[in-house]
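Report on the following structure.
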Amino acid sequence: MNLAELCSAISMYNQFIITTHLSPDPDGLGAEIGLFRILKAVGKDVHIINAMPYASRYQFIEQEKCIETITEKNIPILKDPDWKFILLDTNDINFIGAMAQYVTPENNRLFIIDHHDMPSDQNNMLILSDYSSTCEIIYSLIKMLHVEPDALCASALFAGIVYDTGSFAYSKTTSNTFETAAALIRYGANPSHIHSQLYESASVNVLLLKKAVISTLELFHNGEIAVLMLPQETLKATKAELEDANDIINMPLQSESVKISVFLKQESHKQSRCSLRSKGTINVASIAQDFGGGGHRNAAGFRSDLPLKVLKEKILKHIESQLDKL
């Protein structure tokens, strides 16, 4: 499916439910808000319904409260076949939690818009892996629909692009990314305010969390692999949220010798999350895929039911074997 085909499909239906992955980040949230406001502008009935709340630090993206979680009130439309789903920023329904029980390939209700490198085998997918972010894709869709975004839409999309490009530094940042950002500024996005909200609004709890995580730093394979760990006990002690730790993974890459940064987080007593970042041509997406995950060449991840220490040993062994082949 391409952008034109997606526009045509959208024109065929009137009722949409927008959703994104678990632990929504600014790209997922910004894409949801942006698409919600545009579909509303062209006369569609739209709900945003996610499986879980987003981190409080991202409240600035949702300036007009419109994001719901699953409740008894919205279950009827989740089950109603006249409502079509649009899944954003992931192409794997295993990553959308309790929403997956309503979004199945068989019910022909699902459209996917994503920029990650590993497409699934679903129909009605718009996968543009050369785009920096899902928010950048949404802006291209907006242009094709010939609708002008308002300031709230532009701000949400700009926040997602800034976040997913690492402030326009990651490898998938292109001239189109900058052109999109410039257009969103013209429509009302405020770069200084958005940067401040993303990177200069942390609580003291977040600083304590970062201090605790950095203290777990270990280096392996002659300093080429950095590993950080975040057990549940640290979250409880610092009273921070899991998502508050997301950007810590990039810190070890400031070292010239570190090629891959690994961040192991205990989401619950039954599940852990492994985030991977790399420099240059090292493809961590392929590593994540070996563990049932995915992502981009330089930014990927997966979930596991293994304990943190066991997962650490397993992922380290796998990464070291991959580096030895280079």
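Any residue that is surrounded by fewer than 19 Cβ atoms within 10 Å (Cβ to Cβ) and closer than 12 Å to G34 by Cβ - is there at least one of those in region 132-141? Give the steps one after another, and end with the answer.
Going through region 132-141, the residues surrounded by fewer than 19 Cβ atoms within 10 Å (Cβ to Cβ) turn out to be 140.
Imposing the further condition that a residue be closer than 12 Å to G34 by Cβ reduces the set to 140.
There is at least one residue in region 132-141 that is surrounded by fewer than 19 Cβ atoms within 10 Å (Cβ to Cβ) and closer than 12 Å to G34 by Cβ.
Taking A55 as the residue in question, decide whether it is out of contact with any strand residue (DSSP E or B) (no Cβ under 7 Å at 6 or more places or on another chain), at pLDDT 90 or above, among the small types (G, A, S) and outside the structural domain of A300 (by TED's automatic domain parsing). Talk me through it step by step, then tell me what you get.
On the way: out of contact with any strand residue (DSSP E or B) (no Cβ under 7 Å at 6 or more places or on another chain): yes; at pLDDT 90 or above: no; among the small types (G, A, S): yes; outside the structural domain of A300 (by TED's automatic domain parsing): yes.
Judged against the criteria, A55 is not a match.
Within region 6-22, track down each residue that is of a type outside the set (V, I, T) and either out of contact with any Phe, Trp or Tyr (no Cβ under 8 Å at 6 or more places or on another chain) or farther than 23 Å from A98 by Cβ (or both).
Matches in region 6-22: L6, C7, S8, A9, S11, M12, Y13, N14.
If I go through region 10-24 residue by residue, how many of them are surrounded by 15 or more Cβ atoms within 10 Å (Cβ to Cβ), out of contact with any strand residue (DSSP E or B) (no Cβ under 7 Å at 6 or more places or on another chain) and outside any loop (DSSP other than H, G, I, E, B)?
1
Taking the condition out of contact with any Pro (no Cβ under 6 Å at 6 or more places or on another chain), modelled with pLDDT under 95 and in a helix (DSSP H, G or I), does V162 pass? It would help to see each step written out before you state the result.
Details: out of contact with any Pro (no Cβ under 6 Å at 6 or more places or on another chain): yes; modelled with pLDDT under 95: no; in a helix (DSSP H, G or I): yes.
No, not satisfied.
Check whether at least one residue in region 304-311 is under 21 Å from D114 (Cα atoms), out of contact with any Asp or Glu (no Cβ under 6 Å at 6 or more places or on another chain) and either acidic (D, E) or assigned by TED's automatic domain parsing to the domain that holds V258 (or both), and report yes or no.
No, the conditions are met nowhere in region 304-311.
Residues in region 25-47 that are buried (at least 24 other Cβ atoms within 10 Å of the Cβ) and among the aliphatic types (A, V, I, L, M): how many?
Number of matching residues: 4.
Kindly check whether there is at least one residue in region 82-104 that is among the hydroxyl-bearing types (S, T, Y) and surrounded by fewer than 19 Cβ atoms within 10 Å (Cβ to Cβ).
yes
Anything in region 174-205 that is of a type in the set (S, T, N, Q), within 21 Å of I142 (Cα to Cα) and loosely packed, with under 14 Cβ neighbours inside 10 Å? List them, or say none.
Matches in region 174-205: S175 only.
Collect the residues in region 177-203 that are outside any helix (DSSP H, G or I), modelled with pLDDT of 95 or more and within 23 Å of the chain's Cα centre (by Cα), keeping them in residue-number order.
A189, N190
For V206, state whether it is modelled with pLDDT of 95 or more and more than 18 Å from F16 (Cβ to Cβ).
The answer is no for V206.
Please go through region 285-326 and give me each residue that is more than 10 Å from C274 (Cα to Cα), touching a Lys or Arg at 6+ places or on another chain (Cβ under 8 Å) and surrounded by 14 or more Cβ atoms within 10 Å (Cβ to Cβ), ordered by number.
If the condition is that a residue be more than 10 Å from C274 (Cα to Cα), touching a Lys or Arg at 6+ places or on another chain (Cβ under 8 Å) and surrounded by 14 or more Cβ atoms within 10 Å (Cβ to Cβ), then A285, H296, N298, A299, L306, L323 are the ones that fit.
The values are calculated or read from the model by the stated rules, or taken from the named source; none is laboratory data. Worth saying up front: this structure is predicted, and the values here are computed from it rather than measured. Glycine also receives a Cβ, built like all others from the backbone with ideal geometry; neighbour counts cover every protein chain displayed.
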